[in-house]
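The values are calculated or read from the model by the stated rules, or taken from the named source; none is laboratory data. All figures in this text were calculated on a predicted structure; none of them were measured in a lab. Methodologically, a virtual Cβ is constructed for each residue, glycine included, from the backbone with ideal geometry; neighbour enumeration extends over all protein chains shown. Heavy atoms of the whole protein, side chains included, go into the accessibility calculation; ligands, DNA and RNA do not. Shrake-Rupley method; radii C 1.70, N 1.55, O 1.52, S 1.80 Å.
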Amino acid sequence: MAVSQAHLRALQLIAGRIGGGAIDWVLTGSAGMALQGAPFEVNDLDIQTDRDGAYRLAELLRDCAVTPVRFLASEQVCSHLGEYEVAGVKVEVMGAVERLVAGVWERPVDVRAHRRWVDVDGLSVPVLDLAYEVQAYRKMGRVERAEALQAWLADQG
């Protein structure tokens, strides 16, 4: 399933504000997967970064804030999380995401270690590697999504 023009416009605006290299970030979730060809419906844009990147993004997107970035913790996940609306599209910013897996808190994901780049409409977009996304979804307990992505990857050869 393709990424809609509205989502692409929001992504272009965000990338334009970020500029080159000041923030290590990736587009993750359904939008990141769809930009790599996976057949998932895109409802929002999920941006993953580190702690500092989340607060830098919060500053860059302050005029679009629904809920500014702040630290949130649950029994299973903690991160620096914020919600924005950019060009009519919901955008979630997640910084330094940590998950409780088998009773142990994992270190925050270094997005640079799992990042790849895709080109869309003249824009180079950092996304998470799909094999890594399969692992991440399994760890989050979203087995159905992980299996769907794994099956699609297997069909791609």
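Here are the numbers:
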{"quantity": "Matching option when the condition is under 25 Å from Arg145 (Cβ atoms) and open to solvent by 40 Å² or more (accessible area, probe 1.4 Å), among Val97, Val89, Val66", "calculated": "Val66"}
{"quantity": "Region 106-152: number of residues that are open to solvent by less than 50 Å² (accessible area, probe 1.4 Å), among the charged types (D, E, K, R) and not in a helix (DSSP H, G or I)", "calculated": "0"}
{"quantity": "Residue in region 76-84 that is in contact (Cβ under 8 Å) with a residue 12 or more places away in the chain, open to solvent by 40 Å² or more (accessible area, probe 1.4 Å) and among the hydroxyl-bearing types (Ser, Thr, Tyr) present", "calculated": "no"}
{"quantity": "Qualifying residues in region 43-59 (those that are open to solvent by less than 60 Å² (accessible area, probe 1.4 Å) and not small (Gly, Ala, Ser)) - the one farthest from Val101 (Cα to Cα)", "calculated": "Leu57"}
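Conditions tested, residue by residue: (1) within 21 Å of Asp121 (Cβ to Cβ); (2) of a type in the set (Gly, Ala, Ser).
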residue	(1), (2)
Gly32	yes, yes
Leu35	yes, no
Glu41	yes, no
Asp44	yes, no
Gln48	no, no
Arg62	no, no
Val66	no, no
Leu72	no, no
